[in-house]
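A short write-up of the structure that comes next.
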Amino acid sequence: MQILQTDIIVVGGGGAGLRAAIAAAEAAPQLGITLLSKVYPMRSHTVAAEGGAAAVTLRSDSAAAHFHDTVSGGDWLADQPVVEFFVKQAYRELVQLEHWGCPWSRQQDGNVAVRRFGGMKTERTWFAADKTGFHILHTLFQTSLKYPAIKRLDEYFMLDLLRAGDQVVGVLALALNSGELVQIQAKSVILATGGAGRVFHYNTNGGIVTGDGMALAYRHGVALRDMEFMQYHPTGLPGSGILITEACRGEGAVLLNKHGKRYLQDYGLGPETPLGQPQNKQMELGPRDKLSQAFWHEQQAGRCGDYNGHAVVYLDLRHLSRAHLQQRLPFICELAKAYVDIDPAQEAIPIRPAVHYTMGGIATDINCQTSLPGLYAVGECASVGLHGANRLGSNSLTELLVFGRVAGEQAAHYASQCPPADSKALSVQSEMSQRWLNRRFGTNTTDSVAQLRHDMTLAMEQGCGIYRTGEGLAQCQQQLLGLQQRYQQLKVTDRSKVFNSELLQYLELGFGLDVALAICSAAMARTESRGAHQRLDSGMTARNDAGFLCHSQLYYKAHNLPHLSWQAVQISSLPPAQRSYSADNVSATNSVDSTPGTQP
Amino acid sequence: MSSPKRSDEPVWWALFSAGGVCFAVFLPGSILALGILWPLGLLNSSVLQYAQLLSLLQSGYGLTGLAFTGAVICLPLFHAAHRIHHGLHDLKCGYSSATKLLCYGLAAALSMLALYLTLHLILAD
Amino acid sequence: MTDYQLLIQRYDPEHDNEPRLQRFTVPGDHTTSVLDALLYVQQKRDVTLGLRWSCRMAICGSCGVMVNGIPKLGCKTFLRDYHSDITIEPLAHFAVEKDLIVDMTQFLAHLSAIKPYLINDYSGTALHKQTPTQLAKYQQFSNCINCGLCYSACPQFGLNPEFLGPAAITLAQRYNLDSRDNGKAARMPQLNGKNGAWGCTFVGFCSDVCPKQLDPAAAVNQAKVESAKDFIISMFKP
Amino acid sequence: MNTPVSARKPYQSKLSRSWWLKHNYYRLYMLREATVLPLLFFIGCLLYGLYCLTQGAAHWQSFQTFMQQGWVIALNLLAFAASLFHAKTFFALFPRVMPLAPAWLMISGQWLATLLVAAGVLLLCGGWL
Ligand SMILES: Cc1cc2nc3c(=O)[nH]c(=O)nc-3n(C[C@H](O)[C@H](O)[C@H](O)COP(=O)(O)OP(=O)(O)OC[C@H]3O[C@@H](n4cnc5c(N)ncnc54)[C@H](O)[C@@H]3O)c2cc1C
Ligand code: SF4
Ligand code: F3S
Ligand code: FES
């Protein structure tokens, strides 16, 4: 087995991983940094983000306001010192990205333009046309090429963490192009492996978003925190889940059920606004979670349409002129034409809610450090305590930057101090993994990775969907345990070495099953409704601060249900209050482009 | 990574481009007149008779003749040489510095010949 | 649902000496993309089929394949647009690792070679100003998703893998045209070489296949103008 | 990454000499490049004509006779078509290489130039000028 030595390993080439690698290279140029990723960095799912990244920018805006929006938007489950730090660093990080060349959209005078965004009281979202995540990712990737200390291992799959006692001292990886295992020794490891949206059936996430890093940290004893909070986006395309941005509703799109009726006023979002006159926070411009929930009720009442076997409602833009659509929503017209073969000027677009973002993740402190010395986590895979029970759109891209830098600097600091680990123990561990891997191959009679994955995503959709019940969750948990049993029996039939995708999917499925069980178990334990976690059981439909103003923390138990504990939320300045409507995740005004602003 | 050697292509490309413009702007009219209509006897004028033609080429202190040769013969020759040279590469037919010398060398030689003949005409009296 | 006939090029480096075509029948409707069809084959017919994909919304740049001989993004190409056999091969001109997966090492090396990052000696903390007009100068060229389709379309890259190629040269132009950048002098040596801008003969197919309509052919040929200017300047320097 | 024994065996296909026959786009490209062949023929004619001019009126007469042969006219017809095809492609490329004005404007401007030159030459040679 090949052995590589480095100082810092960054796993994940998305926004978080790249930012961390650059920060480490700047903080300690003498250290070697290895960035490994299962896909080329620019394929990471950060690339798909369209909307923007938030930072207090206008003179009329304040850190306190951004703080307030984030904490209340997260239904008071965010750790307030973390949010305070975040809102203070946000602007500096976006400027840093500007210095690295990010093509932020501009105002006439040459300043950066900011737009409104869901849940943000004022314009503070920086954007780069309708491809913000794409530009952030490519800027970071290209900038990373400047640092000779950063060595990339593209298309290397992290299989396991290497440990010496309590300490994390490296990563065991599979080189996808040769099928060989590689032992990479380091002094610190940063996980930046992204979310886990793919454990659900309908999701807006890329195929690689399978929760690998979460599962590995979890298996090594680090808690997964707040996993019950999965954000649904109300408007994904049926089947693929491809995101139809909320800007549509800002432009005046309305939602219809199969009878052609605008149904949102039946769910407390009325009164009905006239066509073509959208009102902030009303009807279609209501909060993301409320819209997703209304869909669920329509589905229960049998008022959803059918699109190739998927229950859908319709996003109607027909009252807007074709010219207007082409000018304001060109990308949406392109997506609708391509993926459902519909011309939005002539036909309503079938849509349905889809899982969008994993609020929870690997528990870290404000320094991105996990409970294992040497192990850091950042980005969507981590739970640093920023998003609480519900993430505000445009906070997560900024999170990648603010905390990516923290993680990189902390890991570099740790790596420059820590003594080298005993490498003999590592070889034993690696050999064991190799043998474990070899035993995975064989033949199946009935089951397949694809079948198991399908069953998992459907179980999650049914049990851990927009609304949850004790009964549904219990059933889902049983199903997941059953699936884990089947997984133990499952074999990888393809024995080839070069780009063995069945093996890869098999490993990802294993990770996904652990994460899925964590989500379901956390959701069972939280017998209240908060943010993205909504229970229908009686007595649980409201927020319960007396009982649940705390983070769920799950600890892995092999072949068993996880162990759960609760951790108090850190509240520094903003005591819990009603999640006021105006601070809600209203997500429709982001089409108001480039309102003139002044930089502080 | 060490910097690659600077290519001398800008010279040839500039000639190629200039020749391309001439090919596109001057040649259609010239071919039509001299290659098609005149031989077919459709231009029944005296301009293309020996003496008149000679004085036409000599007009403007001979610049007319030189301009004609430059725009319709020399530059298009370099244009053609460039495309043939790269065509040899495209067709994997012995693209090398020798063929490069041959292509541009021929273009240069023929251009010289054309200019020599033109000057001969202009100065003939 | 209609049945479509797919001819997929297979190559297993551990057993084959050269690629072969294999026929699959795949059900599809008006929304089925080539990527969907390939995933269907992988899930239901042959787990060993190798391909790359992730975002399935034409932004990550992973899923390039040749469809009936033309480079396309699998996720943005639809079965509904084909009426007879659909031949799917790995991207042309790259070495095939397995089935539809090609070796992109060279492509990445070319991208890195042109120093694709801002080069300047600015050390302040304030924002650079950049007007929408200045932004518009390079914005189009900053939209490259690194899918590599243009390399498969470019015979010059096929004939000479050392040719930096359309995407890399476009990226160089993207930075050279950025009002915040002073790095042109550092990038020109790569463009000035015979494998830089001068490797291109303006075939132009690169721009036709570019899924993001960057017009890389224009960028490459604008780079020729820059290189020619640089050539003239260099003649006046010692 | 170099691993001691690797299962990798990347397959590199070589572009065959006839690659350009595989696709219409490439065929048109080759046709564009090939427009210089009939051009060369016409230039050859001109060189011959120049030579004849230097040799006196009689030679010039024989040049005209040469140009009147069917096959010469046919080749020059080809050269004429080639020059137009070349112009079409060249004019379309120009605004992309030097985007000085909107493409349609530059393209029509260039055609106008070609047209004016052709008209000028015809008028001149036809003795109408
Ligand atoms: C459609 C969409 C739109 C969005 N829009 C916005 C928006 O407008 N604003 C906003 O703020 N947020 C938005 N988000 C959320 C935001 O984009 C993501 O949260 C964020 O990009 C995640 O970045 P990351 O770096 O943590 O992970 P990713 O970008 O997902 O990167 C994960 C990396 O880890 C690697 N990796 C994973 N597992 C392994 C393994 N086992 N071995 C090796 N490598 C591995 C992957 O290869 C990849 O490089 C959006 C999300 C989606 C899906
Ligand atoms: S220029 Fe276009 S075709 Fe080429 S890699 Fe970029 S996006 Fe793909
Ligand atoms: S196809 Fe190739 S030759 Fe030039 S114009 Fe595009 S790079
Ligand atoms: S899967 Fe991302 S571009 Fe096709």
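The values are calculated or read from the model by the stated rules, or taken from the named source; none is laboratory data. This one's a predicted model, so the numbers in the text were calculated from it and none came from an experiment. Virtual Cβ from ideal backbone geometry, glycine too; neighbours counted across all protein chains shown.
Of note:
- Screening the candidates A:Arg486, A:Arg543 for the property of being outside the structural domain of A:Trp296 (by TED's automatic domain parsing) and assigned to a loop (DSSP other than H, G, I, E, B) yields one hit, A:Arg543.
- The requirement of being more than 29 Å from A:Gly133 (Cα to Cα), away from ligand 2 (no atom under 16 Å from the Cβ), more than 7 Å from chain A (Cβ to nearest Cβ) and buried (at least 21 other Cβ atoms within 10 Å of the Cβ) is satisfied by C:Leu49.
- When residues in the range C:116-143 are screened for being within 23 Å of A:Ser44 (Cβ to Cβ) and at the interface with chain A (Cβ under 8 Å from one of its Cβ atoms), 6 of them pass.
- So A:Asp130, is it charged (D, E, K, R), surrounded by fewer than 24 Cβ atoms within 10 Å (Cβ to Cβ), modelled with pLDDT under 95 and within 22 Å of the chain's Cα centre (by Cα): yes
- Unique match (being among the β-branched types (Val, Ile, Thr) and away from chain D (no Cβ under 11 Å)) among B:Val11, B:Val21: B:Val11
- Pairs meeting the criteria (first residue in the range B:31-44 and facing chain D (nearest Cβ under 7 Å), second residue part of a loop (DSSP other than H, G, I, E, B), beta carbons under 6 Å, at least 6 apart or on different chains) are B:Trp38/B:Leu48; B:Pro39/D:Gln68; B:Leu43/D:Gly126.
- Of residues in the range C:138-169 being more than 11 Å from ligand 2 (Cβ to nearest atom) and under 20 Å from C:Ile59 (Cβ atoms), the one surrounded by the most Cβ atoms within 10 Å (Cβ to Cβ): C:Tyr138
- A single entry from D:Leu93, D:Leu129, D:Leu75, D:Leu105 fulfils the requirement of being out of contact with any Phe, Trp or Tyr (no Cβ under 8 Å at 6 or more places or on another chain) and part of a helix (DSSP H, G or I): D:Leu105.
- Strands (runs of 3 or more DSSP E) fully within the range A:123-177 counting 3 or more residues that are away from every other protein chain (no Cβ under 11 Å) and at negative phi: A:156-164, A:167-175
- Any hit, the range C:211-221, residues being away from ligand 4 (no atom under 16 Å from the Cβ) and farther than 24 Å from C:Cys147 by Cα: no
- For the range D:67-111, the tally of residues that are at the interface with chain B (Cβ under 9 Å from one of its Cβ atoms) and farther than 24 Å from D:Leu31 by Cα stands at 3.
- Hey, C:Ile86 within 23 Å of A:Lys497 (Cα to Cα), more than 11 Å from every other protein chain (Cβ to nearest Cβ), away from ligand 4 (no atom under 16 Å from the Cβ) and surrounded by 16 or more Cβ atoms within 10 Å (Cβ to Cβ) or not: no
- Selected residue [more than 9 Å from ligand 1 (Cβ to nearest atom), touching a helix residue (DSSP H, G or I) at 6+ places or on another chain (Cβ under 9 Å) and modelled with pLDDT of 95 or more] from A:Gly170, A:Gly211: A:Gly170
- Residue check for C:Thr170: among the hydroxyl-bearing types (Ser, Thr, Tyr) and within 14 Å of chain B (Cβ to nearest Cβ): no
- Where a residue in the range A:510-521 is part of a helix (DSSP H, G or I) and its partner, wherever it lies, is acidic (Asp, Glu), with Cβ under 8 Å and at least six apart: A:Phe511/A:Asp212; A:Ile519/A:Glu228
- Unmet criterion (only one of (1) farther than 23 Å from D:Leu21 by Cα; (2) within 14 Å of chain D (Cβ to nearest Cβ)) for C:Thr25: (2)
- Sub-8 Å Cβ pairs linking a first residue in the range A:10-22 that is more than 22 Å from A:Val169 (Cβ to Cβ) and touching a residue at least 12 places away in the same chain (Cβ under 8 Å) to a second residue that is of a type in the set (A, V, I, L, M, F, W, C) and within 6 Å of ligand 1 (Cβ to nearest atom), at least 6 apart or interchain, are A:Gly14/A:Ala192; A:Gly14/A:Leu400; A:Gly15/A:Leu397; A:Gly15/A:Leu400; A:Arg19/A:Leu400, ordered by first then second residue.
- Given (1) within 14 Å of chain C (Cβ to nearest Cβ); (2) farther than 30 Å from C:Ser54 by Cα, index of the condition A:Ala64 fails: (1)
- Leading residue by the ranking (farthest from ligand 1 (Cβ to nearest atom)) among those in the range C:128-171 that are under 13 Å from the mean Cα position of the chain (by Cα) and not in a helix (DSSP H, G or I): C:Cys154
- Selection count, the range C:226-238, where residues are at the interface with chain B (Cβ under 9 Å from one of its Cβ atoms) and of a type in the set (Val, Ile, Thr): 1
- Only listed residue being touching a residue at least 24 places away in the same chain (Cβ under 8 Å), hydrophobic (A, V, I, L, M, F, W, C), outside any loop (DSSP other than H, G, I, E, B) and facing chain B (nearest Cβ under 10 Å), chosen from D:Leu124, D:Leu37, D:Leu53, D:Leu115: D:Leu37
- Taken together, C:Ile70, C:Ile59, C:Ile119, C:Ile114 contain a single residue that is surrounded by fewer than 23 Cβ atoms within 10 Å (Cβ to Cβ) and either under 13 Å from the mean Cα position of the chain (by Cα) or within 14 Å of ligand 2 (Cβ to nearest atom) (or both), which is C:Ile70.
- Restricting the range B:96-125 to residues that are touching a helix residue (DSSP H, G or I) at 6+ places or on another chain (Cβ under 7 Å) and away from chain D (no Cβ under 12 Å), the residue that is nearest to B:Leu56 (Cα to Cα): B:Tyr104
- Restricting attention to the range A:307-324 and to residues that are free of Cβ contacts under 8 Å to residues at least 24 places away in the same chain and not basic (Lys, Arg), the residue that is surrounded by the fewest Cβ atoms within 10 Å (Cβ to Cβ) turns out to be A:Gly309.
- Helices (runs of 4 or more DSSP H) wholly inside the range B:43-125 containing at least 1 residues that are modelled with pLDDT of 95 or more: B:63-69, B:75-90, B:97-123
- If you filter the range A:216-256 down to residues that are hydroxyl-bearing (Ser, Thr, Tyr) and buried (at least 24 other Cβ atoms within 10 Å of the Cβ), you find that the one that is nearest to the other protein chains (Cβ to nearest Cβ) is A:Thr235.
- Only residues that are at pLDDT 90 or above and within 14 Å of another protein chain (Cβ to nearest Cβ) were counted in the range A:318-336, giving 1.
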